[in-house]
Amino acid sequence: MNHTDNTITYSRKRIAAAAALTAAFAGNASAVDIAGFEFNGYSRGGPVLSYSDKVKGGLTLGGELQKYRLGNEGDNGIEFDLARTFDVSGMKFKVDYMPSKWNGAPVGTEQAYVEVGGLSFAPEAKFWAGQRRLRIQDVHIVDYFLMTYGDYQGGGVTDLPLGGAKLGLGVFSGDKFDASLPAGVKATRLNADVSEIQTNPGGKLRVLVTLVHGSGLANGNTGSGLSLLHNQADFLVPGLKNSLFLQTSRGHARIDGQFEGIDGVAAGRKAHRIADSIAWQHGPFGGQALIGYQTSQDEATGATTKDFSLGGRISYALSRNFKMLVEAATTNRKTEANPDQRLNKLTIAPTLALGEDFFSRPELRFYLTKGNWNAAAAVANAATFGAGGKTSRTIAGIQYEVWW
């Protein structure tokens, strides 16, 4: 092949790659396929233009369901996933690597694993080993996965048929690709994930079990957890999706299915949570809302924290490429022997987008956030947004968010 042929071939590859990226951003694909590599990822960032005391976001009382994220993040980062699947005689062998870079920290490894599927004795099952995210379900407006397992070095299987349902099993050490447990500390976690349990028309149940055993951990060496998730399509009215979470955990098992306090210093916790989230899209009108209540008790001190969260985000597309986003929330935290904390937050964000849907991305937002809280919250957060005894803040900026 001469130089001209090489140039033509290279140009075609660039055109194909650009077309794939365009299709992904337009919502026509969940990942980009370039030369046999699957490429997907996530990124957000942008300048905070108006703030004080270095507070660019993070208005939250600290509960896992309490950081309503629109106009409240103030950070910058990117993570992307590269995967290549080799198909040999019907067997598929996948190699996956996901690096990330957030807020000036060094590049980290989110995922690095191999997966094998299409085996003759279990054609639907996928066996894997390495460090892998196994995220089950989040509530987007608070940027939190209520059910997830993985994220540590381990191995297991997913999509194993179980009657009409599916079974996933995973066993994990306490080590990560970029970090290991301290000397003298060991931890092992077993997760069992049963999904696709049909309960009623449009309804499915998912069950996640967590068991932890270790040595050298603080205040006991065990832990357990149980999470139930019921997803209902066309809840009450057509197009409304409802997700109900019932969760409990103890010891060194975190309520979402992960490890809790396995550094040899932190104690385990007892936690209970009930949360309900709805999401909808009706023509140009979309949104998501959440109500949640959680208790958490430190097993070493007995101190109990009770967190309440109520909020939502609505999206209205005034045209194909322009939306108005409004997010409002109220949160409350109760701790023993301390006054109750309360925080309210409102964000308005005119937004440029590629589509009308609530979850259409990329988005470019111009946001204005107003937060106010009581004196107890100011005292408890004096090192951050409550500095100087302030009980309100206004933050304005520009933010992009994209996934593909």
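The values are calculated or read from the model by the stated rules, or taken from the named source; none is laboratory data. Just so it is clear, the model here is predicted, and its values are computed rather than measured. Note that we place each Cβ from the backbone using ideal geometry, even for glycine, and neighbour counts take in every protein chain shown. Heavy atoms of the whole protein, side chains included, go into the accessibility calculation; ligands, DNA and RNA do not. Shrake-Rupley method; radii C 1.70, N 1.55, O 1.52, S 1.80 Å.
Computed quantities for the displayed model
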{"read-out": "The stretch 383-404: number of residues that are open to solvent by less than 50 Å² (accessible area, probe 1.4 Å), in a loop (DSSP other than H, G, I, E, B) and under 30 Å from Met98 (Cβ atoms)", "value": "1"}
{"read-out": "Qualifying residues in the stretch 202-225 (those that are farther than 16 Å from Gly150 by Cα and among the polar types (S, T, N, Q)) - the one surrounded by the most Cβ atoms within 10 Å (Cβ to Cβ)", "value": "Asn221"}
{"read-out": "Any hit, the stretch 304-315, residues being acidic (Asp, Glu), closer than 29 Å to Leu246 by Cα and at pLDDT 95 or above", "value": "yes"}
{"read-out": "Scope the stretch 141-166; condition buried (at least 16 other Cβ atoms within 10 Å of the Cβ) and either closer than 27 Å to Tyr293 by Cβ or in contact with a helix residue (DSSP H, G or I) (Cβ under 6 Å, 6 or more places away or on another chain) (or both); matching residues", "value": "Ile141, Val142, Tyr144, Phe145, Leu146, Met147, Thr148, Tyr149, Gly150, Asp151"}
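Residue-wise test of (1) part of a loop (DSSP other than H, G, I, E, B); (2) open to solvent by less than 30 Å² (accessible area, probe 1.4 Å); (3) at pLDDT 95 or above; (4) among the aliphatic types (A, V, I, L, M).
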{"residue": "Ala18", "(1), (2), (3), (4)": "no, no, no, yes"}
{"residue": "Thr22", "(1), (2), (3), (4)": "no, no, no, no"}
{"residue": "Ala29", "(1), (2), (3), (4)": "yes, no, no, yes"}
{"residue": "Arg44", "(1), (2), (3), (4)": "no, yes, yes, no"}
{"residue": "Lys67", "(1), (2), (3), (4)": "yes, no, yes, no"}
{"residue": "Asn72", "(1), (2), (3), (4)": "yes, yes, yes, no"}
{"residue": "Leu82", "(1), (2), (3), (4)": "no, no, yes, yes"}
